[in-house]
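Structure, as structure tokens:
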Amino acid sequence: MSKFFLYLRTDTFRKNLIYALVGVIALFIILYIGLRVYTKHGDRQEVPVLKGLHISEAIALLDKVGLEYQVDSIYQLDARPGLVIEQDPEPASAVKGGRTIYLTIITQSAPEIAFPEVTDKTLIEAMSIIKNHSLKLGDTTYVNDIARDVVLDATFGGQPITAGRMIPKGSRINLVLGNGRGNDQVNIPELVGLPYSEAEFALRGLGLVVGSISFADGSRDTVNGTVVEQTPDISAQFIPLGAAVHLKLSNSVVPTTNE
């Protein structure tokens, strides 16, 4: 034991102790500096505002301030393609240089979906289905059919479309609906201003007949007469097949159009 204490008093021990202390201090300094460099201690900057910019503008801004980026994309109706709509971290957040900023942009090409079944649905049901499938309702056309406001057909791009066909999201769908009047009714033609012969021909072509004939000037001349009034007029819109349209003719009075 005495030899150990004697060794502690020797120059060799003191030199080794000094070398060890210097080594520990040097190692601590190296580790401290290395960690500061590795973690970029004190290197802080604000994340710029990127929302609302086009992706090309956002990337140029991130490159300028030394930040990395990663881009994801989604599709939105009526949104400008390439527009940045989300960013993470949020603007004004303090981050270290080289930090990755996550961006969400609007993609240019719409994903495709299967067209839903809308035939034989009511207009209200079809509108709800179309909206829920991220589609748009276009024009509605009515045709003679006993089912009122029921979808008889659907078209896309001017062509009939059936359920299951793949179309882009946001597409405009046109619907053909029944008017509730059935196939036994036709539109009332505008006859005022036509010579009697043309008016009669028009009625026959629609499956209608000439009813009673009266004269505005007492001429009784149907051959040279012009229609100045009709009953029913076009305000009634529809009339059953085979029904009669009553005419008033004139040979001298200037025809006037029914309002």
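The values are calculated or read from the model by the stated rules, or taken from the named source; none is laboratory data. Predicted, not measured: the structure shown is a model, and the values here were computed from it. In this analysis, Cβ positions are derived from the backbone assuming ideal geometry, glycine residues included, and neighbour counts consider all displayed protein chains. The area values use the complete protein model at the heavy-atom level, side chains included, leaving out ligands, DNA and RNA. Shrake-Rupley method; radii C 1.70, N 1.55, O 1.52, S 1.80 Å.
Placing Val245, Val150, Val49 in order of accessible area, with the largest value first and a 1.4 Å probe, yields Val49, Val150, Val245.
Measuring r between the beta carbons of Asp139 and Asp221 and using R0 = 35 Å, the FRET efficiency lands at 0.15. Among residues other than Ser171 whose Cβ falls under 15 Å from its Cβ, what is the net charge (Lys/Arg +1, Asp/Glu -1)? Local net charge: +2. Given +1 at the Cβ of Lys and Arg, -1 at the Cβ of Asp and Glu and no other charges, the dipole of segment 114-259 around its Cα centre is 640 debye to the nearest 20. Ordering Ile105, Val209, Asn174 by the projection of their Cα atoms onto the charge dipole of the chain, which places +1 on the Cβ of Lys and Arg and -1 on the Cβ of Asp and Glu, puts Ile105 at the extreme positive end. Defining a contact as two alpha carbons under 8 Å apart and six or more residues distant in sequence, what relative contact order in percent does the chain show? Relative contact order here is 13 percent. Computed in the context of the full set of protein chains, the accessible area of the chain at 1.4 Å probe radius has 56% of its extent on carbon or sulfur.
Using the empirical formula 2.2 N^0.38 Å as the baseline, the Cα radius of gyration of segment 102-259 reaches a ratio of 1.58. Applying a length cut-off of 20 Å (Cα extent along the axis) and a mean Kyte-Doolittle floor of 1.0 to the DSSP H helices of the chain leaves 11-38. Residues in segment 116-194 average 55 Å² of solvent-accessible surface per residue, probe 1.4 Å, ligands and nucleic acids excluded. Take the Cα of Ser56, step 7 Å toward its Cβ, do the same at His246, and the gap between the two points is 7.3 nm.
Between Thr12 and Asp88, the simple spin-label model (points 7 angstrom out along Cα→Cβ) gives 6.4 nm. The modelled label-to-label distance for the pair Asp184/Gln70, using points 7 Å beyond Cα in the direction of Cβ, is 7.0 nm.
A Cβ-based charge dipole, computed about the Cα centre of the chain with Lys and Arg at +1 and Asp and Glu at -1, lands at about 2700 debye.
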